[in-house]
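Take a look at the structure set out below.
The values are calculated or read from the model by the stated rules, or taken from the named source; none is laboratory data. Bear in mind that the values here come from a model prediction, so they are computed numbers and not experimental data. Here the Cβ positions follow ideal geometry from the backbone for every residue, glycine too, while neighbour counts run over all protein chains shown. Please note that ligands, DNA and RNA were not included when accessible areas were found on the heavy atoms of the full protein model with its side chains. Shrake-Rupley method; radii C 1.70, N 1.55, O 1.52, S 1.80 Å.
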Amino acid sequence: MKKRILAMLLASLMCLSLAACGGDSAADNGSANDTPADTGADAPAEGDGGSEGGASYKIALLMSHQTNAFTNAVSAGARAKGEELGVEVEVFDGNQDQATQNSQLEQCLNQGYNGILVEPVTVDGIAPAVKEANEQGIPVMTVVQKMTQQDLAVAYRGGNDANAGRLQMEKAVEMLGGKGNIALLYGPMGSDGQLIRKEGYDAVLADNPDVQVVFEETANWVTEEALSLVETWLSTGTEINAIVAQNDSMALGAQKAIEDAGKQDDILVFGVDAVDDAIAAIAAGRLDGTVSQDASGQGALGVETMVSYLNGEEVEPEAFTECIWIDSSNAADYQ
């Protein structure tokens with residue numbers, strides 16, 4: 001009797017063991033063959049990194065320089081968008097030197113980057129390197145500033161500098177009452193931003209002959225250079241009613257020189273880029289206006305477009321961020 005009971009117990013244990021093994025096998029097979037319907041999530045495509053952007057791409061952003069709040073904001077926007085899309089974005093500082101930027105571009109061609117975003121130091125300096133990138137099948141897009149042979153690049157993403165320059169000068173002329181002496185602070189001579197914003201200036205000035213340009217010179221986007229240059233202009237005794245600077249960093253340098261000379265009530269100052277310090281200066285009644293082109297948005301738009309292109313989507317050859325005038329009436333909205 002005891003033997004019969006023992007045999008029955010052993011048989012039961014063997015059945016339980018087999019059932020358990022069969023259950024594990026079924027679970028494994030189900031997991032290995034899950035579909036989106038099974039999991040309740042979209043299955044990533046082949047090579048997909050599981051991000052909104054698709055594959056885990058490696059993208060280089062070659063900035064002309066990283067010396068002011070605007071360029072830093074562009075880079076920050078690009079990095080943030082890369083993180084959002086699950087792609088790697090590495091930023092290179094060209095130090096406003098075309099040879100340095102060309103070397104960086106060559107470096108990127110040899111280090112496995114899937115795509116390259118570049119803000120050219122000069123409008124024609126990167127053409128040979130971009131041609132080489134095309135030969136290697138590595139897409140290049142320009143951001144913030146264009147290149148002369150723009151057709152070599154896949155696309156451009158950034159602000160519309162002609163519109164920004166035009167809007168800035170229209171507001172300056174309006175606040176001057178249509179007449180007076182102005183001085184112009186340019187970015188690096190020959191850069192796309194300098195050339196195209198100046199085209200906007202020239203178009204407005206051509207329709208306003210009572211506004212005279214008494215000084216015009218580059219301060220290379222740099223606050224300290226603008227400060228020194230405006231100090232020199234003021235020392236000549238030439239009447240200046242307004243200073244129009246092609247970026248906020250130079251505008252802030254000009255404003256400091258004017259305040260040091262005690263002429264803050266006599267000279268208007270305008271910038272471009274709407275960086276935080278400039279908006280704060282406008283809100284405080286020190287600076288008179290700036291143009292926003294959404295610096296962070298330019299970097300983000302560049303990365304987003306590159307990812308779309310790498311995913312095989314068609315992209316428009318140009319897309320611009322919006323130009324918005326900021327002065328004392330709306331500065332608080334942008335702080």
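For this structure, a couple of remarks:
- For region 179-226, relative contact order (Cα pairs under 8 Å, six or more residues apart, normalised by length) works out to 58 percent.
- The Cα center of region 156-178 and the Cα center of region 106-144 differ in position by 30 Å.
- Three-way shape call for region 246-330 based on the alpha-carbon gyration tensor, with the a/c threshold at 1.5: prolate
- For the peptides 136-147, 321-332, the ranking by mean Cβ contacts within 10 Å, running from highest to lowest, is 136-147, 321-332.
- Set of region 82-124 residues, backbone N closer than 19 Å to the point 7 Å along the Cα-Cβ line of Ser228: 95-97
- Summarising the amide proton neighbourhood of Val118: residues at separation of 5 or more, or on other chains, whose placed amide H is nearer than 5 Å comprise Leu62, Met141, Thr142, Val143.
- Accessible area per residue (1.4 Å probe, heavy atoms of protein chains only) ranks Phe215, Phe320 as Phe320, Phe215, with the largest value leading.
- Computed from phi, the 3J(HN,Hα) profile of region 112-127 under the Karplus parametrisation 6.51, -1.76, 1.60 (θ = phi - 60°) reads x, 6, 7, x, 10, 9, 9, 9, x, 5, 10, 5, 10, x, 9, 3 Hz, with x in place of Gly and Pro.
- Label-zone membership for region 234-259, site Ala76, 7 angstrom Cα→C-beta point, backbone N under 20 Å: 247-253
- Comparing Tyr309, Thr238, Ala281 along the charge dipole axis of region 198-335, the residue lying farthest to the positive side is Thr238, per the Cβ-charge model.
- Probe 1.4 Å - accessible area at Lys256, Å² to nearest ten: 90
- Protection-proxy order for peptides 271-282, 232-243, 174-185, each taking the mean of Cβ atoms within 10 Å per residue, highest first: 271-282, 174-185, 232-243
- Here's how it looks for Gln96: its modeled amide H is under 5 Å from those of His65, which are all 5 or more places away or on a different chain.
- Under 5 Å from the amide H of Glu318 lie the amide H atoms of Tyr156, each residue being 5 or more positions distant or on a separate chain, with H modelled from the backbone and absent for Pro and chain starts.
- Inter-label distance for Ser328 and Lys179, nm, one decimal - labels placed 7 Å from Cα along Cα-to-Cβ: 2.4
- Spatial separation of Cα centroids for region 267-303 and region 210-258, in angstrom: 17
- Spin-label model, Glu318/Gln98: points 7 Å from Cα along the beta carbon direction are separated by 2.3 nm.
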